[in-house]
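The values are calculated or read from the model by the stated rules, or taken from the named source; none is laboratory data. Computed from a predicted structure; not experimentally measured. Note: ideal-geometry Cβ built from the backbone for every residue, glycine included; neighbour counts use all protein chains shown. Note: accessible area is taken over every heavy atom of the protein model, side chains too, but ligands, DNA and RNA are not part of it. Shrake-Rupley method; radii C 1.70, N 1.55, O 1.52, S 1.80 Å.
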Amino acid sequence: MDIWKYYAVTHADHLVCNPTSEAKLEELVNLLPLQSGARVLDIACGKAELLIRIADHHDASGVGVDISSYETEVARQRVAERRLDDRVEIVLMGGADYDAAPGSFDLAMCIGATWVWDGYVGTIEALKKIAKPGGLIAIGEPFKMHEPSAEYENAEPGLVANLVTHAENVAIAVNAGLTPLYAIVSSQDDWDRYEGLQWRAAEAFAVENPDDPDLPELLARMRENRTVYLRHARDTLNWAIYLFRAPG
Ligand SMILES: C[S@@+](CC[C@H](N)C(=O)[O-])C[C@H]1O[C@@H](n2cnc3c(N)ncnc32)[C@H](O)[C@@H]1O
């Protein structure tokens, strides 16, 4: 099935499509040292909740880019509801194809989609070019709390092979010339909510759309992900949003 349909169905009840609680997201927004009129770019913006809150709170303007039309449609609706359409533009395209002029944004973000630039290091390098010298970079990225089991590695080889620790995520950024300003780390409650809402949304979709041709695959995939989460990821994986200052 279309991967973006799967994502849209399982995230139907998420406003924030990552394991950060809304309270922690709000804390991050409040902590951002942005001036009124700042320009913000959010690559893989999802429903653009973070971008909307930043634009609102800091009187900023910005661009949200996402590859999924399901997400950009919701993002545009929410931008309009918040009366930010004169300041926030939502663009439907692959994030790596968005042609940002070098040094053109006060804050460049990618929260939960570092595969856009082939991983965390590639994302740091891409956002360094896009952010103004001395500007801000925010990246959402998982990390491992301890060494993953062989079973977890077999279940999610692509993800597990690239996991480093929280300290290593920060050290990699420092080695790339970024200055760490803050990190918001999720709790197990945050993760459980993020995962549980996906089970609930998929099961609700099944009840409401019994004839959908994608239903068997959708449910099988969600239930497999649920098993991997409960057996392996829940005790091994965590997630943070890192805030950095770009080199001056
Ligand atoms: C984990 S969600 C995070 C969404 C949003 N940043 C948030 O935190 O609420 C990942 C998002 O990345 C988007 N995405 C995946 N691949 C992408 C790509 N190559 N370019 C742009 N967006 C992409 C998905 O459509 C999805 O909205």
For the range 189-203, indicate whether the set of residues that are open to solvent by less than 30 Å² (accessible area, probe 1.4 Å) and not in a helix (DSSP H, G or I) is non-empty. no
Within the range 90-117, take every residue that is open to solvent by 30 Å² or more (accessible area, probe 1.4 Å) and among the hydroxyl-bearing types (Ser, Thr, Tyr) and give me the one that is nearest to Asp56 (Cα to Cα). Ser104
Listed by first then second residue, the pairs whose first member lies in the range 184-211 and is under 20 Å from His166 (Cβ atoms), whose partner is of a type in the set (D, E, K, R) and open to solvent by 40 Å² or more (accessible area, probe 1.4 Å), with beta carbons under 6 Å and at least 6 positions apart or on separate chains, are Ile184/Lys24
Return the residues of the range 105-146 that are touching a strand residue (DSSP E or B) at 6+ places or on another chain (Cβ under 9 Å), aromatic (Phe, Trp, Tyr) and not in a strand (DSSP E or B); say none if nothing qualifies. Trp117, Tyr120
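Anything in the range 168-180 that is among the hydrophobic types (A, V, I, L, M, F, W, C) and open to solvent by less than 70 Å² (accessible area, probe 1.4 Å)? List them, or say none.
Within the range 168-180, Val170, Ala171, Ile172, Ala173, Ala176, Leu178 qualify.
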Could we say that Arg87 is open to solvent by 10 Å² or more (accessible area, probe 1.4 Å), more than 16 Å from the chain's Cα centre (by Cα) and over 15 Å from Val16 (Cα atoms) here? yes
Within the range 69-84, of all residues that are out of contact with any strand residue (DSSP E or B) (no Cβ under 8 Å at 6 or more places or on another chain) and under 25 Å from Asp2 (Cβ atoms), the one least open to solvent (accessible area, probe 1.4 Å) is Glu71
